[in-house]
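The values are calculated or read from the model by the stated rules, or taken from the named source; none is laboratory data. Just so it is clear, the model here is predicted, and its values are computed rather than measured. Note that we place each Cβ from the backbone using ideal geometry, even for glycine, and neighbour counts take in every protein chain shown. Please note that ligands, DNA and RNA were not included when accessible areas were found on the heavy atoms of the full protein model with its side chains. Shrake-Rupley method; radii C 1.70, N 1.55, O 1.52, S 1.80 Å.
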Amino acid sequence: AKTSGRGSYAFYDPERDYESGRVKRLDADLKLALKKKQFELHYQPIVDIRANRVNGFEALIRWRHPERGMISPGDFIPFAEASGWIVEIGNWALTRACKDAAAWPAEIKVAVNLSSVQFEKGDLYGAVTGALSASGLPAGRLELEITESVLLRDHPKTHDLLHRLRALGIKILLDDFGTAYGALSYLRSFPFDKLKIDRSFVRDFGTPNERDCAAIVQSIAELAKRLHMTTVAEGVETADQLAMVANAGCEEVQGFYFSKPVPVGEIAATVSRVRQI
Ligand code: C2E
Ligand code: CA
Ligand code: CA
Ligand code: CA
């Protein structure tokens, strides 16, 4: 079972849940959540550590449930993927994020997470171009984050779609880099613009494994540079971790050290707060 977070839908277990009838309720709840507009995007700054400037924000979805309060994505995204609702939820997130970002200063980008299910079902290309035209956001300000699960099936259609999105000027990021067995082969199969180093390598820094973490982060940053990609270090919480990823050569940093994800109303304040850190 999945044991993520404090939301009431933690311990999601498809097999057990399908039998218990819990799935039906979740299914109806997600449908209602879409209809009643209970989803929200919070935004976490991605900081250029050389210039000490916010380059962009990653959109992170939350479900403001009328009775259960704020539910984190780890507690409903797996179910939304299994049920197929992720296509509609994902399209909503794309459009919302593009509309929000269109109001930000022109140098600030927005990164949106995509599920592998969005590549299998629905019309992702149409959803992305639709979100861009509905918002007026230039394609160059949109980044799409995918994980290796998207490339796992090595489907020619997936590669074609990624190339078409990239041809629009959208940047494609490989998220959670370093966690997948075979991650290096994905770098050969698609020209990513950025690598996001998984939080686990940063998190363990300062523990007995610390030398390994620094070595791995440095190797990834060097590899990325040689392949003309930028590296983002995720999950930086402390000054020590920031120094480690900076020494390793990461260009961008995301993490609680700079800011937690914030509601859209706090974007401007977050940009100036980060500048002062
Ligand atoms: P992710 O894409 O790897 O996003 C980063 C997660 O790390 C976020 O959790 C963020 O709040 C958290 N984080 C950032 N900095 C720190 C830090 O310094 N320390 C710690 N402990 N955590 C940090 P969140 O918002 O709970 O999202 C979890 C996952 O849910 C995301 O992981 C992503 O895979 C998924 N997700 C979020 N929004 C969406 C969405 O709109 N669509 C899809 N398909 N997935 C989403
Ligand atoms: Ca992400
Ligand atoms: Ca990540
Ligand atoms: Ca993740």
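Restricting to the stretch 105-144, name every residue that is under 17 Å from I267 (Cβ atoms) and either crowded, with 16+ Cβ neighbours inside 10 Å or within 12 Å of ligand 1 (Cβ to nearest atom) (or both).
I108, K109, V110, A111, V112, S135, L137, R141, L142, E143
Taking every residue in the stretch 230-250 that is without any contact (Cβ under 8 Å) to a residue 60 or more places away in the chain and pairing it with any residue that is among the polar types (S, T, N, Q) and open to solvent by less than 10 Å² (accessible area, probe 1.4 Å), at least 6 positions away or on another chain, the pairs with Cβ-Cβ distances below 8 Å are A233/Q254; E234/Q254; G235/Q254; V236/Q254; G249/T231. Scanning the stretch 46-62 turns up one or more residues that are in contact (Cβ under 8 Å) with a residue 60 or more places away in the chain, acidic (D, E) and surrounded by fewer than 18 Cβ atoms within 10 Å (Cβ to Cβ). Quick check: anything in the stretch 119-142 touching a strand residue (DSSP E or B) at 6+ places or on another chain (Cβ under 7 Å) and within 16 Å of ligand 4 (Cβ to nearest atom)? No, the stretch 119-142 contains no residue that is touching a strand residue (DSSP E or B) at 6+ places or on another chain (Cβ under 7 Å) and within 16 Å of ligand 4 (Cβ to nearest atom). When D176 is tested against the conditions (1) closer than 23 Å to F119 by Cβ; (2) surrounded by fewer than 15 Cβ atoms within 10 Å (Cβ to Cβ), the lone failure is (2). Number of residues in the stretch 192-202 that are within 13 Å of ligand 3 (Cβ to nearest atom) and not in a helix (DSSP H, G or I): the value is 5. The set of residues from the stretch 183-216 being hydrophobic (A, V, I, L, M, F, W, C) and either in contact with a Cys (Cβ under 6 Å, 6 or more places away or on another chain) or within 20 Å of L162 (Cβ to Cβ) (or both) comprises A183, L184, L187, F190, F192, L195, F201, F205.
When the stretch 19-45 is limited to residues that are over 21 Å from Q254 (Cβ atoms) and among the hydrophobic types (A, V, I, L, M, F, W, C), the one that is most open to solvent (accessible area, probe 1.4 Å) turns out to be L32. When the stretch 173-191 is limited to residues that are in a loop (DSSP other than H, G, I, E, B) and of a type in the set (A, V, I, L, M, F, W, C), the one that is nearest to the chain's Cα centre (by Cα) turns out to be A180.
Matching residues to (1) under 27 Å from S149 (Cα atoms); (2) touching a strand residue (DSSP E or B) at 6+ places or on another chain (Cβ under 9 Å); (3) within 16 Å of ligand 3 (Cβ to nearest atom):
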{"position": "A183", "(1), (2), (3)": "yes, yes, yes"}
{"position": "R188", "(1), (2), (3)": "yes, no, no"}
{"position": "D204", "(1), (2), (3)": "yes, no, yes"}
{"position": "A224", "(1), (2), (3)": "yes, yes, yes"}
{"position": "T231", "(1), (2), (3)": "yes, yes, yes"}
{"position": "D240", "(1), (2), (3)": "no, yes, no"}
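Does any residue of the stretch 6-16 turn out to be open to solvent by less than 20 Å² (accessible area, probe 1.4 Å), at pLDDT 95 or above and in contact with a strand residue (DSSP E or B) (Cβ under 7 Å, 6 or more places away or on another chain)? No, the stretch 6-16 contains no residue that is open to solvent by less than 20 Å² (accessible area, probe 1.4 Å), at pLDDT 95 or above and in contact with a strand residue (DSSP E or B) (Cβ under 7 Å, 6 or more places away or on another chain). Looking across S83, S72, S135, one residue alone is under 18 Å from P261 (Cβ atoms), among the small types (G, A, S) and in contact (Cβ under 8 Å) with a residue 12 or more places away in the chain. It is S72. Hey, any hits in the stretch 171-189 for a residue that's of a type in the set (S, T, N, Q), within 16 Å of ligand 4 (Cβ to nearest atom) and touching a helix residue (DSSP H, G or I) at 6+ places or on another chain (Cβ under 8 Å)? The answer is yes, given that some residue of the stretch 171-189 is of a type in the set (S, T, N, Q), within 16 Å of ligand 4 (Cβ to nearest atom) and touching a helix residue (DSSP H, G or I) at 6+ places or on another chain (Cβ under 8 Å).
Looking only at residues in the stretch 145-165 that are assigned to a helix (DSSP H, G or I) and of a type in the set (A, V, I, L, M, F, W, C), the one that is most open to solvent (accessible area, probe 1.4 Å) is L161. Number of residues in the stretch 207-249 that are outside any helix (DSSP H, G or I) and more than 17 Å from D193 (Cα to Cα): the value is 7.
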